[in-house]
Amino acid sequence: MPLWMDRLSQIADQIHVPPVAIVVFNSLNWTRDGLVETDLDAHSVISEYPGMSPAPVEVLHHYQDYDRVRFLARDVPSLGYKCFQIAPGREPAPPGESALPLANTIENDFYRVEVDPAAGAVRSVFDKQLNRELVDAASPYRLNQYRYVSGGDETATQLVYLRKSFPLAQLAVGPSAGAKSPAFGRLPSARS
């Protein structure tokens, strides 16, 4: 076990919580939310302790006697921890059904950003102070979309060799889908 895990385990031993509990630590100097993945016995429920408000869980995978789940630990204090009690009582949920909020949009007082999960790119960035859209909707590509560039590799060109005597490369730019693109061409979808 790494030294930092050993030290966190020693701290958790000093916290008075129910026998079956999860202690989520925040090592940052600001309050934050974070996704937590753990294995639960089938039909168990996770609740904030001591308030006992249930934490919605997403079943990632259902095994014979237990579930791999993910939940959102909200408002974990800076340089502190939050406790979650595990108790029996959850109805079985099929894998893939999410109790966590799913959104393609995030915003604050200054910007609203919308992503396109199919393209793995930014669809919109709206500046609230300027009251203006910053992304060109007429563009054939999305902002920060992964693109595949082909051409210029068949013969010696100025793209590869910086010599004026070679011809300019004839490049073709297109979306990564359907092209001979690397496996990392698609970004994961955004979750809030």
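Each value in this text was obtained by applying a stated rule to the coordinates, not by laboratory testing. Note that the coordinates shown come from a computational prediction; the quantities given were computed from them, not determined experimentally. No Cβ is skipped: glycine too gets one built from the backbone with ideal geometry, and neighbour counts run over all protein chains shown.
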Legend entry - Sequence ranges 131-139, 59-67, ranked by mean other-Cβ count within 10 angstrom, highest first: 59-67, 131-139
Legend entry - Derived scalar couplings ³J(HN,Hα) [the range 10-26; Karplus, 6.51 cos²θ - 1.76 cosθ + 1.60; whole Hz; x for Gly, Pro]: 5, 5, 4, 5, 8, 8, 8, 10, x, x, 10, 8, 10, 10, 9, 9, 10
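Given the convex hull of the Cα atoms of the range 3-88, what is a quarter of its surface area in nm²?
Details: hull surface 23.7 nm².
If I average the Cα hull's projected area over directions, I get 5.9 nm².
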Legend entry - Shape of the range 1-40, Cα gyration tensor, a/c cut at 1.5: rounded
Inset, instruction - Net charge near V76: determine it from the other residues with C-beta under 10 Å of the C-beta of V76, scoring Lys and Arg +1 and Asp and Glu -1. - result: +1
